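Taking it in order: structure first as structure tokens, then the write-up.
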Amino acid sequence: MVKVTYVAHDGTSTELHGDPGDSVMSLAIAQGLDGIVAECGGSMMCATCHCYVDEDWAGATGPRMDGEEDMLESAASEVTGRSRLSCQIRLTDTLDGLVVHLPEEQV
Ligand code: FES
């Protein structure tokens, strides 16, 4: 299992456990976590799965995917250098312990 900690805008942390191959978004949706909407279901057609990768994990999650940058322009909250679409971050064993922060708004 791969542990992911989601830190809400108010500082509340939630730990979820997924399998390699899950996305950071799909794990959150499957567990009913607030803070990720994922209107398009993971096809990179919305920006309602926006998250900020914790600075300690920025290298491990790799660069943004093709097209991700453009879609992030429509995000409801501020986009920073650590912004990612959580549907584009696939869990692997090396991401065990990953921490992501959730924006104030997704829509
Ligand atoms: S769920 Fe729509 S872009 Fe990630």
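The single condition from (1) more than 9 Å from the ligand (Cβ to nearest atom); (2) exposed (fewer than 15 other Cβ atoms within 10 Å of the Cβ); (3) farther than 19 Å from T12 by Cα that S43 fails is (1).
For segment 72-107, a residue qualifies if it is touching a Leu at 6+ places or on another chain (Cβ under 6 Å) and closer than 15 Å to V24 by Cβ, and exactly one does: S83. Of all residues in segment 16-29, those that are open to solvent by 30 Å² or more (accessible area, probe 1.4 Å) and either in contact with a strand residue (DSSP E or B) (Cβ under 6 Å, 6 or more places away or on another chain) or more than 13 Å from the ligand (Cβ to nearest atom) (or both) total 5. Look at (1) outside any loop (DSSP other than H, G, I, E, B); (2) more than 15 Å from V107 (Cα to Cα) and you find that M71 fails only one, number (2).
Of the numbered criteria (1) within 16 Å of Q106 (Cβ to Cβ); (2) within 11 Å of the ligand (Cβ to nearest atom), the one V7 fails is (2). Say whether the condition of being surrounded by 21 or more Cβ atoms within 10 Å (Cβ to Cβ), aliphatic (A, V, I, L, M) and within 13 Å of the ligand (Cβ to nearest atom) is met by at least one residue in segment 77-95. Scanning segment 77-95 turns up at least one residue that is surrounded by 21 or more Cβ atoms within 10 Å (Cβ to Cβ), aliphatic (A, V, I, L, M) and within 13 Å of the ligand (Cβ to nearest atom). Restricting attention to segment 6-15 and to residues that are surrounded by 15 or more Cβ atoms within 10 Å (Cβ to Cβ) and touching a residue at least 24 places away in the same chain (Cβ under 8 Å), the residue that is nearest to the chain's Cα centre (by Cα) turns out to be Y6.
The values are calculated or read from the model by the stated rules, or taken from the named source; none is laboratory data. Quick caveat, the model's predicted, so the values are computed rather than measured. Quick reminder, even Gly has a Cβ in these numbers, built from the backbone with ideal geometry, and neighbours come from all protein chains shown. We work out accessible area using only protein heavy atoms, side chains counted, and drop any ligands, DNA or RNA first. Shrake-Rupley method; radii C 1.70, N 1.55, O 1.52, S 1.80 Å.
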